[in-house]
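Below you'll find the structure, written out as structure tokens, and then a few comments.
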Amino acid sequence: MINLFKIKGQKKDDAATANGKPAAKKQSPGELRLHKDIAELNLPKTTKISFPNGKDDLMNFETTIKPDEGYYVGGKFVFTFQVPPVYPHEPPKVKCKTKVYHPNIDLEGNVCLNILREDWKPVLNINTIVYGLNLLFSQPNDEDPLNHEAAAVLRDDPKKFEKNVQRAMAGGYVGETHFPRCV
Amino acid sequence: MASPDAEQAAPTEPARWRDLDMLLSRPGNLVAASFDPSPTLRDLLGSLVEVLVVGAGGLGCELLKDLALSGFKKLHVIDMDTIDVSNLNRQFLFRVQDVGKSKAEVAANRVMERVSGVNIVPHFCRIEDKEIEFYSQFHIIVLGLDSIEARSYINSVACGFLEYDSNDNPLEETVKPMVDGGTEGFKGHARVIIPGTTPCFECNIWLFPPQVKFPLCTLAETPRTAAHCIEYAHLIKWDEVHPGKPFDADDAEHMQWIYSEALKRAELFGISGVTYSLTQGVVKNIIPAIASTNAIISAACALEAFKLISGCSKNVSNYLTYNGLEGTHIKVTEFVRDKDCLVCGPGTLIELDTSSTLAEFIKMLEEHPKLRISKASVTHEGNNLYMQSPEVLEQMTRPNLSLPMFELLKEVPYATVHATGMAENNGKKVSSLRKLRVAFKGVGASKMDTAESS
Ligand SMILES: [Zn+2]
């Protein structure tokens, strides 16, 4: 163990231990774990991933989901992922960049998905989140609304909800709100 | 003050330090093997040992005072925060007229005024702002922090100095020990981290559960508590009203805006209890701090630092928890290291010729008896050398496969790289992330068998 006499002896050869390379910036454990998550991604057919900042910044990326079933078939939805340095202790911040008429996604792009907040656990990974996001499009859920009006329509009049989704994705108004085209 | 020959001279100020000298001048059954009792140890400790205190808040104030009164005379303190009026109830080194000034600077000056002979160098900056070399001058690092992120950072810096010999034993002169304190209300912990010997912060990061988060839809639809109203204003309303403008928790105007929005929402739902200080607490995730808990934990940390450096008694092995909530409970748990820890573990030593390509290296990982990683992706200090998937990254990194590793690793004699892939574990192929120490044959020969780790 450390003791004073050793420290004293050490003083002299401080210069000797500095002969290696200069200390490099460390990769955080979060970056390493993310590297593993990304290298092992097993994306569903609906989903593509891209890295806007190039191959060495995995902490910020985008996924594009083109649902192949449900109300949102034909649409194209982009999500941004911001992964914190203490990942997987804390979950990534995920936002929907595409303005969407959806009961669980609000107009600012906030996403109500349990594993992104209250049910996040460090054993989960990026794949789990991607599957969760896909599930939001195949099974939008009127019980956890972020867009209150959309949730009410889905609950009370699914036919009307379907029409609203079509209108929004084609680039049009639902009520007062305009949605850019995303098909 | 003490000369290098202090052990020959009589100890200075014996009356002032009578109690410390008793600890340092008596033999015992619990002392370290190399402990050679002598009252002159105290002058050595004061003149040789450089201590870094990380954080000058509730715990940091206590730590600086305790360490200074324990004979440490060369201290540094680092903290990026300035003093807020709400700190004054427990951060006892600060006065009303100090509000707005650097915590590190005021704390350093105040302890130097009160404890003669001690020198404290303040650093008013973020821990990430310092070069890695800055941290190498200290013999011990004492942490008084309240964030997982900051602990994890200092831990990886301290463990980054650690080197192993070819038998995977830590090289003593590269060990940078830490003492970590933490408090939350009536509870606290003090732990001793000796990289390579006891578990590092990352080995047992699961001890710190992820912070409780409310579901967004509850915030948006069915708020029931004052905290729900505050989080609604913070997480949803802010972006709605200020698109593209990031929220800054340290900007008083931003905080005031969140407070007034939360108040409106609380009125709408008939909820009481939204105050400005609760708003700050929820947004910044502040847990109420209790001065006495800080004092108890700091005392434990200062003692552990003193024992670690002097060898005058055994250290706690290795994690002390204190709980003052129902009666008083103090318990020590011996946690074990994660032998594959990416931060403090030795990793696997791999020797390469300077001509070996990345493709050959990946093949070696597959054939290495201790690794057997198939389909490895390789990364080096944030530089992704090769990614097996997804396709877009595979394409971007494929040209590297035919390049020599020596060139990719910028022609250093040894380096740490990490590989991800499927590896065998108890007969099953599981996805694994491994630390590898790469050493190039015939380069930097004097260090060949002690390739630097992490
Ligand atoms: Zn570790």
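The values are calculated or read from the model by the stated rules, or taken from the named source; none is laboratory data. Keep in mind it's a predicted model, so treat the numbers as computed, not measured. Quick reminder, even Gly has a Cβ in these numbers, built from the backbone with ideal geometry, and neighbours come from all protein chains shown. Just the protein is used for accessible areas: all its heavy atoms, side chains included, with ligands, DNA and RNA removed. Shrake-Rupley method; radii C 1.70, N 1.55, O 1.52, S 1.80 Å.
For the reader, a short list of remarks on this structure follows.
- Of the residues making up region B:368-390, those losing 10 Å² or more of accessible area when the isolated chain is joined by the remaining protein chains, with a 1.4 Å probe, are B:SER377, B:THR379, B:GLU381, B:GLY382, B:ASN383, B:ASN384, B:MET387, B:SER389, B:PRO390.
- In straight-distance terms, cross-link reach from A:LYS36 covers every one of the aspartates and glutamates whose alpha-carbon lies under 19 Å from its own, apart from those fewer than eight places away in the same chain; here that gives A:ASP56, A:ASP57, A:GLU62, A:GLU90, B:GLU202, B:ASP338, B:ASP340, B:GLU366, B:GLU381, B:GLU391, B:GLU394, B:GLU424.
- At the residue level, A:TYR131 shows approximately 110 square angstrom of accessible surface with a 1.4 angstrom probe and all protein chains present.
- Global form of the protein assembly as shown, assessed from the alpha-carbon gyration tensor, a/c cut-off 1.5: oblate
- Restricting region B:343-413 to trypsin sites (Lys or Arg not before Pro) in coil, as DSSP defines it, with at most 16 other Cβ within 10 Å: B:LYS370, B:ARG372, B:LYS410
- Per residue of A:34-47, other chain Cβ atoms within 10 Å of the residue Cβ number 5 on average.
- Beta-bridge orientation, chain B: approximately 65 percent antiparallel, per DSSP, counting only bridges with both partners inside.
- Taking only the Cα atoms of region B:216-283, the radius of gyration and Dmax are 10.9, 31 Å.
- Against the rule of thumb 2.2 N^0.38 Å, how large the Cα Rg of chain A comes out: 1.46
- Positive-end extreme of charge dipole, region B:348-453 - chosen from B:MET405, B:THR357, B:PRO369 (charges on Cβ): B:PRO369
- Assuming charge only on the beta carbon of Lys and Arg (+1) and of Asp and Glu (-1), the dipole of the protein assembly as shown about its Cα centre is about 400 debye to the nearest 20.
- Listed values for region B:203-215 are Karplus-derived 3J(HN,Hα) couplings in whole Hz (6.51 cos²θ - 1.76 cosθ + 1.60, θ = phi - 60°), namely 4, 10, 5, 4, 5, 9, x, x, 5, 5, 10, 7, x, and x replaces Gly and Pro.
- Farthest toward the positive end of the dipole of the protein assembly as shown, out of B:PHE138, B:CYS312, A:LEU136, is the Cα of A:LEU136, where the dipole comes from beta carbon charges about the Cα centre.
- Within chain B, helices built from complete DSSP H runs that reach 27 Å or longer along their own axis (Cα positions) and carry a mean Kyte-Doolittle hydropathy of 1.0 or higher are B:291-310.
- Positive-end extreme of charge dipole, the protein assembly as shown - chosen from B:LEU207, B:ILE78, B:SER298 (charges on Cβ): B:LEU207
- Between the Cα long axis of helix A:126-138 and the first principal axis of chain A there is an angle of about 10°, rounded to the nearest 10.
- Cα gyration tensor shape of region B:241-393, rounded if a/c is under 1.5, else prolate or oblate by comparing a/b with b/c: oblate
- Taking every residue in A:86-92 and counting other chain Cβ atoms within 10 Å of its Cβ, the average works out to 4.
- Buried solvent-accessible surface, both chains (B, A), 1.4 Å probe, Å² to nearest 100: 5800 Å²
- Calculated [θ] (222 nm, deg cm²/dmol) that DSSP helices of n ≥ 4 give over chain B, each run adding -39,500 (n - 2.57): -9000 deg cm²/dmol
- Chain B, dipole about Cα centre (Lys/Arg Cβ +1, Asp/Glu Cβ -1), debye to the nearest 20: 920 debye
- Comparing the full protein assembly with the isolated chain (1.4 Å probe, heavy atoms, ligands and nucleic acids excluded), the residues of region B:24-44 losing at least 50 square angstrom of accessible area are B:SER34.
- Solvent-accessible surface of region A:57-135, taken per residue with a 1.4 Å probe and all protein chains present: 37 Å².
- Relative packing of peptides B:21-32, B:387-398 - highest average C-beta neighbours within 10 Å first: B:387-398, B:21-32
- In this structure, the amide hydrogen of B:GLU351, modeled 1.01 Å from its nitrogen in the peptide plane, lies closer than 5 angstrom to those of B:ALA439, counting only residues at least 5 positions away or on a different chain.
- Cα gyration tensor shape for region B:330-454, rounded if a/c is under 1.5, else prolate or oblate: oblate
- Relative contact order computed over chain B (Cα-Cα under 8 Å; 6+ residues apart), in percent: 14 percent
- Taking 25 Å as the straight-line reach from the Cα of A:LYS163, the lysines in range (excluding those fewer than 8 positions away in the same chain) are A:LYS66, A:LYS76, A:LYS95, A:LYS97, A:LYS99.
- Trypsin sites (Lys or Arg not before Pro) within region A:43-119: DSSP coil, no more than 14 neighbouring Cβ in 10 Å: A:LYS45, A:LYS97
- Here the protein assembly as shown has 52 percent of its accessible surface on carbon and sulfur atoms, given a 1.4 Å probe and all protein chains in place.
- Average accessible surface for chain B: 44 Å² per residue, computed with a 1.4 Å probe over protein heavy atoms with every protein chain in place.
- Charge dipole (debye, nearest 20) of region B:213-326; +1 at Cβ of Lys and Arg, -1 at Cβ of Asp and Glu: 400 debye
- Estimated purely from DSSP H runs of n ≥ 4, each contributing -39500 (n - 2.57), the mean residue ellipticity at 222 nm for chain A is -9000 deg cm²/dmol once divided by its residues.
- Cleavage-rule hits (GluC sites (Glu not before Pro)) in region B:279-370: DSSP loop, at most 15 neighbouring Cβ within 10 angstrom: B:GLU326, B:GLU334
- Antiparallel DSSP beta bridges within region B:132-268, as percent of all bridges there, nearest 5: 65 percent
- Principal-axis tilt of helix A:29-39 within chain A, Cα atoms, nearest 10 degrees: 50 degrees
- Taking all Cα pairs closer than 8 Å and separated by 6 or more residues, the relative contact order of chain A comes to 17 percent.
- Shown are B:LEU371, B:LEU349, A:LEU107, whose ranking by accessible area with a 1.4 Å probe and every protein chain present, most to least, is A:LEU107, B:LEU349, B:LEU371.
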